[in-house]
Amino acid sequence: MGRNLAALRQILRLSAPAIALLVSVLLTIAPLQIGLLGLIVPMPVLPLIIVFLYAVYDPSGLAPAVTFSIGVIHDLLYGGAIGPWASVYIAIQFLVYSQREYLRGRVFHVIWLAFALALLVAAPLFWLERSMLAERFLSVWPLFSQFGATVLFYPAVAWGFFSLRDRAAAEVPAV
Amino acid sequence: MSFLTMVVIGDNRRRAAAQNERNRFGLVFYFALSVSMVVFSLYGAQASVFQKARATVLDFFEPVLAVFAGPAHWVNARAADAQEFLRLHDELERLRSENQDLRQYQDEVRSLRRQLSYFTDVNETHMPPAAHYIDARVIGESAGPYNRSLVLSAGAKDQVQEGHAVIDESGLLGYVSVVGERAARVVPLTDSTSRIPVVLLSPNGDGAEVAQALLTGRSAGAPVLDVFSRHLEAPVVEGQEIVTSGAGGMMPRGIPIGEISAVRDGKVTVRLDANTTTPNFVRVVDFRFATDLDGAKEGALGGQDGP
């Protein structure tokens, strides 16, 4: 019984990053639109924060195949073409991996700034893909407002991420 | 530092480097794969395999989305309440004025109904078949920077089909684009991919049709109207109403859409009647042209089963 429970915990711990990313995608699809003065307030793209946080703090947590698969699910739920969100997820993961040595051990504000820069690099990719699919140059403002909202929302998600990580670490018995 | 510790650290570093290399290769591979999927989508986004995949994913996540929808709608309602409270006085004035107008319209409608009934009897007119309505709840809403779509809690098992109009209590909200077994995706009028054939009504309020037009959604801001008729008797003015034209055969003619909100530099923007910001309960209009039906029943849109 105890062994089964331990095995279940181990499975949950290993699949936690994928579950977190999938839940964040489903939350993005939830009908939570705040209207203010007749305009829709841009909602943050939570999966981008989750992909970034795992790439920085737990690089082995999200395998590229998992990130790609959940990105494709996001594209399918989003209803548009398949590929744009998946490619943005992968691009962010790649950017973080390529700068991992620099990011290691940095204070929170530096990592937050790095997230903003990663989105600044990923945004043109997304814009280019969407423009290509629309066969015209789309306005960049909707994209920047939504990515801007994502950057502003980063500390809240990061706080949740660190809290859960600390709790999980406390549950692991010392060897 | 002992020799053994140095060996362990070196081994760990080698393993980390190997893992890093594998990850990097995987990322390049999946990035190339996702970009090639985008390119493939360019030529086949509406291919049946993609549509099937979208419908399957919608159906699979429908129960989870339905669970998430409850709290999300609650938050939306509280946010709307807070905003209503802040503009209570203005809202009261608006309602008073609207009530006066509505009383006047009510008298006109009664008179017109009597006339219509009389002329129908005289001419033995065969009215278009009545539309059938399917009630549904908005359980999902993908609001990306360039596309916006809604997910409904009704699908093929409820007789929802691609192209069906979706309305709320005020007017047209959008149309169905993907149908799963238990869920369906709706493209709202505000989405940049939305194109709806409409009719522009006379500014006199007599219901006369003055021009055919196309309502085009934008990724940001109100939808715009492209008026087809080059020789309009009168210029397009603010406040003119627009309704569906019924062209295409999936939507009934005459569903209210909204009114012209601004005409600037040749660009005509439309204020929609439907609540496209925080929709909750909606109706799918199951409508078929009489030519598609054997022994079509007589009736009219908005009869006993109407909105």
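Every read-out reported here was derived from the displayed coordinates using simple, explicitly stated rules and does not represent laboratory data. Source: prediction; values computed, not measured. A quick note on method: Cβ atoms are made from the backbone with ideal geometry, for glycine too, and the neighbour counts reach across all protein chains shown.
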message: I'd like the Kirkwood hydrodynamic radius of region B:210-277, using the inverse of the mean 1/r over distinct C-alpha pairs, in Å.
response: 12.7
task: Give the long-range amide H neighbours of residue B:182: residues separated by 5 or more places, or on another chain, with amide H under 5 Å away, using H modelled in the peptide plane at 1.01 Å from N.
output: B:156
query: In µm²/s, what is D for region A:39-175 at 20 °C and 1.002 mPa s, where D = kT/(6 pi eta Rh) by Stokes-Einstein and Rh is the Kirkwood radius from Cα pairs?
result: 135
statement: In chain A, whole DSSP H helices that both stretch 30 Å or further along their axis by alpha carbon positions and average at least -0.5 on the Kyte-Doolittle scale are A:2-29, A:108-134, A:141-171
- request: Quick one: plug the Kirkwood hydrodynamic radius of region B:157-281 (C-alpha pairs) into Stokes-Einstein at 20 °C, 1.002 mPa s, and report D in µm²/s.
  value: 144
query: Once you wrap a convex hull around the alpha carbon atoms of region A:98-175, what is its projected area averaged over all directions, in nm²?
result: 7.5
message: Rg and Dmax in Å for region A:1-111, alpha carbons only: what are they?
response: 16.5, 57
query: If we count other beta carbons within 10 Å of each Cβ, what is the order of A:74, B:73, fewest first?
result: B:73, A:74
task: Can you give me the P(r) profile for region B:124-183? Cα pairs, bins 5 angstrom wide beginning at 0, each as a whole percent.
output: 4, 15, 26, 24, 14, 8, 5, 3, 1, 1, 0
statement: Diffing region B:159-164: the Karplus 3J(HN,Hα) column from phi (6.51, -1.76, 1.60, θ = phi - 60°), in whole Hz with x for Gly and Pro, holds 6, 6, 10, 4, x, 4
- request: Just rank B:162, A:135, B:84, fewest to most, by other beta-carbon atoms within 10 angstrom.
  value: A:135, B:84, B:162
From phi via Karplus (6.51, -1.76, 1.60), per-residue ³J(HN,Hα) for region B:185-191 in Hz, x at Gly/Pro: 9, 10, 8, x, 4, 7, 6
- request: Return the sequence-ordered ³J(HN,Hα) values of region B:244-256 in whole Hz as given by the Karplus equation 6.51 cos²θ - 1.76 cosθ + 1.60 applied to θ = phi - 60°, using x for Gly and Pro.
  value: 5, 8, x, 5, x, x, 9, 10, x, 6, x, 6, x
- prompt: If one computes the Cα centroid of region B:196-275 and of region B:34-88, what distance in Å separates the two points?
  reply: 27
- request: Give me the number: length gained by fully extending residue A:99 to residue A:141, i.e. 0.36 nm times residue separation minus the C-alpha to C-alpha distance, one decimal in nm.
  value: 12.3 nm
query: For the protein assembly as shown, what ratio Rg/Rh do Cα atoms give with a Kirkwood hydrodynamic radius?
result: 1.06
